[in-house]
Amino acid sequence: MNFPSTSLSLISRLKNPEDSAIWQASWKRFLELYHEPISVVARSCYRSHTGGQEPSSGFIEDAVANVVADFYSRSHRRYDSSKGRLRGYLRMMTNARVVDLLRKERPIDHRGLDQAELAELPAESDSEREAFIRSLLAMLIEDLRGKIPMRQFEIFERVKLKHQSPDYVAEDFAITRAMVDRYVHKAMTKLRELAKDPDYEQEIID
Amino acid sequence: MNPIKLLRRDEFSPLTPEEEAALALELSAAYHMDEAAATSRDVQRIVEKVRARLAAPAIKDPQDVQPENADT
């Protein structure tokens, strides 16, 4: 399921819970786009709070589910994009949910641990940063799908994303190779334009 | 190399062939990650868990996040 089409970029819509219909309809899409970085953050938090132990896949699934459900049910009302990145907010929420689950999973182990230490957010790792950027790229591609003619996107998709030969695509669409190159160039130009959206800019600051 | 920064590079500083190749790889990887998520059994299991949690009545959470964003 794609996000319902609006004039706003995808990242802007994620940051704007005022339109509750779009917001509620889009949680599954949000999960598809963000499950990977949330999983990476959850693993990192688990390792940080357990002295390097590895979580089970069930633990990570529960953590991701709790973050997404929380984000969509109530906590998102408190997200304020003027105070920081969506990425930072998701990391903080994920850490909080991992701590919750750890307390339930092993209450005896953590009885003596200091509350503040357990809740402390580990520093962002390279793998977290890469996963968030990959999700942002996927969002940009989805934004592009809604902003250019379908045929142009299909040609871009096959050449740039699926790495099909431009000559093969030209033959399949019964157009010239030069037209394929032109469509791909136009799509890349639009993608670059979308990447300059201030909301994306805020998310990629290192 | 941040692929979104490469996309945002102004037109007067064209990408090198290496940067073009890196950007193409990242775009393709992001696209395939998204495609795979739509049919992934792991993601489907999480979808069911989220659905169950959204359907359940809200419970007061003692470890809830702070109102201020913790940006890093």
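The values are calculated or read from the model by the stated rules, or taken from the named source; none is laboratory data. Everything quoted here is computed from the prediction, not taken from an experiment. Positions of Cβ are backbone-derived with ideal geometry, glycine not excepted, and every protein chain shown enters the neighbour counts. The accessibility values were calculated without ligands, DNA or RNA, using every heavy atom of the protein model including side chains. Shrake-Rupley method; radii C 1.70, N 1.55, O 1.52, S 1.80 Å.
Find the accessible area per residue for segment A:140-206; the probe is 1.4 Å, ligands and nucleic acids are left out, and the unit is Å². It would help to have the intermediate numbers written out before the result.
Values: 3540 Å² over 67 residues.
Value for segment A:140-206: 53 Å² per residue.
Using a 1.4 Å probe and counting only protein heavy atoms, arrange A:Asp100, A:Asp62 so the residue with the most accessible area comes first. Numbers along the way, then the final one.
Details: A:Asp100 25, A:Asp62 45 Å².
Result of the area sort, largest leading: A:Asp62, A:Asp100.
In Å², nearest 100, what accessible area do chains A and B bury in total when the solvent probe is 1.4 Å? Provide the component values of the computation, followed by the final result.
Working: alone 11460 and 7130 Å², together 13580 Å².
When A and B are taken together, about 5000 Å² of accessible area is lost.
Tell me, what ³J(HN,Hα) does each residue in segment B:30-35 have, in order and in whole Hz, if you take phi through Karplus 6.51 cos²θ - 1.76 cosθ + 1.60 with θ = phi - 60° and put x for Gly and Pro?
My calculation for segment B:30-35 gives 5, 4, 6, 4, 5, 4 Hz in order.
Run the quick spin-label model on B:Glu18 and A:Asp167: label points 7 Å from Cα toward the beta carbon, then report their separation in nm to one decimal.
3.0 nm
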